[in-house]
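A short write-up of the structure that comes next.
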Amino acid sequence: MSKSSTAISLVLLTAASAGFIGYKAVNAPADPAFPNFDDNSGADFGDGPAATPTNPSTQPSGGHSNGSTGYYNYHTNHFYSSGYSGSSSHGDDPHGSSSSHMSGTSRGGFGSTGHAIGHAGS
Amino acid sequence: MQRVVISPRPNWQQIVESQGFVFHTPQGQPYWDESAYYHLTRSDVDELEKATYELDRMCLAAVQHVIDQDLFKRFQVPPACADWVRQSWDREEVTIYGRFDLCFDGRRTPKLLEYNADTPTSLLEAAVVQWFWFKDAFPDGAPVTPVDQFNTIHERLIEAWKRFAEDSTGADGPVYFTALEGNIEDFMTVTYLRDTAMQAGLATEYIDVEKIGWNWGRQLFVDQRENPINRAFKLYPWEWMLREAFAPQLLRQTTRWLEAPWKMVLSNKAILPVLYDLFPESPYLLKASFEPLAGPHVRKPMLSREGANVQLIDAGRVTAETDGPYGGPFVYQELAPVPNFDGFHPVIGSWMVNGYACGIGVREDQTPITGNLSRFVPHVFA
């Protein structure tokens, strides 16, 4: 195989690796954690742990948000907007709340499965 | 194909760490192993290259079949996501990379074990670390001339990013690279990919996947400074993202993700029975089914990683199995003859980058199931 002399510069890589010398990898937890969309598991689209609002001052007042960004019920084919609806009602509005808006940012909506398993590569 | 014992470089740890490979000995067990290498022939490499191209062709046809026949439920893709996946396919969104895991011993035809189409790792070691090992171990081609390594992975990655840059010109801002916080292998793999993207001229940023935000007012994914994430490479599997809280936001399609959503069809082991149904005469496919097979076979979870929760079954009896966090549904695949080189069982990882079969990595174990800690052993061919 031919490689040009400048092909592998890896500047970023070596800089990043320098900060990881001596790093101890996080061991994967042993608990089974991965749900399936089969008929019995109860796992649903977007049904992971709640995302966390990191800018609460911009969250709408009212409502009894559980912090979730909503989820899809695999069995009923409905989206559920559970929280942050801006309404004064409990958040489980199966049709969403078109009249409500919020300007804040939620975080933590990805990563929960990976933390349970420990390694995302394959 | 031979397994050849060789003396490791005296200071190999320092050498590979200088190349960014700092996870060479995880949990105190060697993962990178240069006390041996695999010596392939040119015809071996030709065979692997041919098989990889043919498997890629069949896989693309299988994606079209899954879409045409609306088999998403079989693949555990929620109905709400089907159109999104279909649109990604119809737009022919580019793919950066994938790795076919092949059973091959140099004597028999390569057989597909599985396709890591979404989040393959062992990339840095295949593209970079084994290349520099080769240059050290075989300076000027000695002792066998001409000797070479099947490896243009790095160059093809840079080409892939250039192609992606052209394909995503409507998306402003840097390409974000994201991985699970705290896992060094994942972090260094995306850092390597980020390095190749930068060499292709792209602006890049890194963000832990947990720190990705969804801005409700602007209705888009944002980084920690509230900058929009318009393009992102994720080393985080689609099947997990679809089960997590931000899943509905994915359907807003405000971010161009890599690997593309349509790759979730290929990274699912349900593709194995579909491939076999479509191409039963292919010499590169093992018989596979959604039901247990009559003869010796392997049971694999449809959605699983790194050889976890695999069972080898013979005459109804489990002869070997691995632990892990995954459950069913399962697929069942004919048991391939396991290559055996002095008690070591290698699996060939054949890389498909930017549409090119461009290199291999070999991982071996002393058990017949390749797992997360199976060792990476370099290779040459002559």
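The values are calculated or read from the model by the stated rules, or taken from the named source; none is laboratory data. Bear in mind the structure is a predicted one, so any value in this text is a computation, not a measurement. Don't worry about glycine lacking a Cβ; one is built from the backbone with ideal geometry, like all the others, and counts go over all protein chains shown.
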Note to self: So, in the range B:1-24, exactly how many residues are more than 10 Å from chain A (Cβ to nearest Cβ), among the β-branched types (Val, Ile, Thr) and either farther than 26 Å from residue B:382 by Cβ or touching a Cys at 6+ places or on another chain (Cβ under 8 Å) (or both)?
What the structure shows: 0
Notebook entry, point to check: Is it the case that some residue within the range B:137-155 is surrounded by 23 or more Cβ atoms within 10 Å (Cβ to Cβ), of a type in the set (A, V, I, L, M) and touching a Cys at 6+ places or on another chain (Cβ under 9 Å)?
Noted result: yes
Check: Where residues in the range B:68-88 are buried (at least 17 other Cβ atoms within 10 Å of the Cβ) and away from every other protein chain (no Cβ under 14 Å), which of them is nearest to residue B:117 (Cα to Cα)?
Finding: B:88
Notebook entry, point to check: Is the range B:159-179 home to any residue that is surrounded by fewer than 24 Cβ atoms within 10 Å (Cβ to Cβ), facing chain A (nearest Cβ under 8 Å) and farther than 28 Å from residue B:272 by Cβ?
Noted result: no
Note to self: Can you find, within the range B:107-133, the residue that is surrounded by the most Cβ atoms within 10 Å (Cβ to Cβ) among those that are touching a strand residue (DSSP E or B) at 6+ places or on another chain (Cβ under 6 Å) and among the aromatic types (Phe, Trp, Tyr)?
What the structure shows: B:115
Notebook entry, point to check: Which residue out of B:45, B:85 is farther than 29 Å from residue B:253 by Cβ and β-branched (Val, Ile, Thr)?
Noted result: B:45
Notebook entry, point to check: Is it true that some residue in the range B:237-247 is surrounded by 19 or more Cβ atoms within 10 Å (Cβ to Cβ) and over 26 Å from residue B:90 (Cβ atoms)?
Noted result: yes
Notebook entry, point to check: Restricting attention to the range B:196-217, and to residues there that are out of contact with any Lys or Arg (no Cβ under 9 Å at 6 or more places or on another chain) and facing chain A (nearest Cβ under 8 Å), which single residue is surrounded by the most Cβ atoms within 10 Å (Cβ to Cβ)?
Noted result: B:216
Item checked: Answer residue from the range B:42-67, given it is touching an Asp or Glu at 6+ places or on another chain (Cβ under 9 Å) and among the β-branched types (Val, Ile, Thr) and is surrounded by the fewest Cβ atoms within 10 Å (Cβ to Cβ) among those -> B:67
Check: Scanning the range B:366-381 for residues that are of a type in the set (A, V, I, L, M) and assigned to a loop (DSSP other than H, G, I, E, B), which turns out modelled with the lowest pLDDT?
Finding: B:373
Item checked: Neighbours by Cβ (under 8 Å, 6+ apart or cross-chain): first from the range B:299-319, touching a residue at least 24 places away in the same chain (Cβ under 8 Å); second among the acidic types (Asp, Glu) and surrounded by 12 or more Cβ atoms within 10 Å (Cβ to Cβ) -> B:300/B:114; B:303/B:239; B:310/B:321; B:312/B:321
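Every residue in the range B:262-302 that is within 30 Å of residue B:213 (Cα to Cα) and either within 14 Å of chain A (Cβ to nearest Cβ) or part of a helix (DSSP H, G or I) (or both), please.
Across the range B:262-302, the qualifying residues are B:263, B:264, B:265, B:266, B:267, B:268, B:302.
Please find, among B:316, B:307, B:327, B:371, the residue that is surrounded by fewer than 17 Cβ atoms within 10 Å (Cβ to Cβ) and not assigned by TED's automatic domain parsing to the domain that holds residue B:72.
One residue alone meets the criteria, B:316.
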Check: Does residue B:282 meet the test of being among the hydroxyl-bearing types (Ser, Thr, Tyr), farther than 21 Å from residue B:74 by Cα and in contact (Cβ under 8 Å) with a residue 40 or more places away in the chain?
Finding: yes
